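For reference, the structure discussed in these notes is given below.
The values are calculated or read from the model by the stated rules, or taken from the named source; none is laboratory data. Since the structure is predicted, the reported quantities are computational estimates derived from the model, not experimental observations. Cβ coordinates were reconstructed from backbone atoms using ideal geometry, including for glycine residues, and neighbour counts include every protein chain displayed. Note: areas computed on protein heavy atoms with side chains; ligands, DNA, RNA excluded. Shrake-Rupley method; radii C 1.70, N 1.55, O 1.52, S 1.80 Å.
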Amino acid sequence: MPTPVGHSLMGYALYLSLIRNKLKKSWKTILLVVFISNLPDIDYLPGLIVGYPNKYHHALTHSLGFAIIVGLIFALFYFWRYKGMNLSQLILIFSGLSFSHIVLDYFAIDTSLPYGVPLFWPITSRYFISPVPLFLDIHKATVSNLFISSLFNMHNFWAIIMESVIFMPIIGILMLKQRKALL
């Protein structure tokens, strides 16, 4: 699964390419985009509380159903906060940001059961994983007291480098394209 860095870069790339002209332009919006792009990993929290961080990881928060729920909640909030926005467009934007996380995890090496993500839950509870991984797995401890410190290792550093190599050129091209459009 990609790191939060990879999920954040993907969210920012989506912001630059598809969303920027549809949402209020501000640093708060960019933070919201990054937050929603990482939100499916909230499933670590109950596991951390019970002592086993991976216990609930890649469960229902890594599904189309969750992405739609996230889209509805954040779209309603954003619609209420910034009057005059298109609600159905907001639902698609925020659902898409959440679902981008799930798609990236689909394309990652997964070394723990169940392999993959429940991509299309509630339509099916089957787990899916790409036969061609693009992202490394993340090395982490299976117990809460070691979990955070275990994330800081060379393997995970290389995972971040690989994610950056994939996403930074895309972000750079999108930024150049937008800069040329302003000239």
Residue among Tyr127, Tyr115, Tyr106 that alone is within 21 Å of Thr61 (Cα to Cα) and open to solvent by 90 Å² or more (accessible area, probe 1.4 Å): Tyr115
Test: residue in the stretch 59-78 that is surrounded by 17 or more Cβ atoms within 10 Å (Cβ to Cβ), part of a loop (DSSP other than H, G, I, E, B) and at negative phi: yes
Neighbours by Cβ (under 8 Å, 6+ apart or cross-chain): first from the stretch 82-96, over 17 Å from Ser26 (Cα atoms); second outside any loop (DSSP other than H, G, I, E, B) and at pLDDT below 90: Gly96/Leu18
Flag for Ile42 being touching a Leu at 6+ places or on another chain (Cβ under 7 Å), in a helix (DSSP H, G or I) and within 17 Å of Pro4 (Cβ to Cβ): no
The lone exception for Phe167 - which of (1) within 22 Å of His57 (Cβ to Cβ); (2) among the aromatic types (Phe, Trp, Tyr); (3) in a helix (DSSP H, G or I); (4) touching a residue at least 60 places away in the same chain (Cβ under 8 Å) it fails: (1)
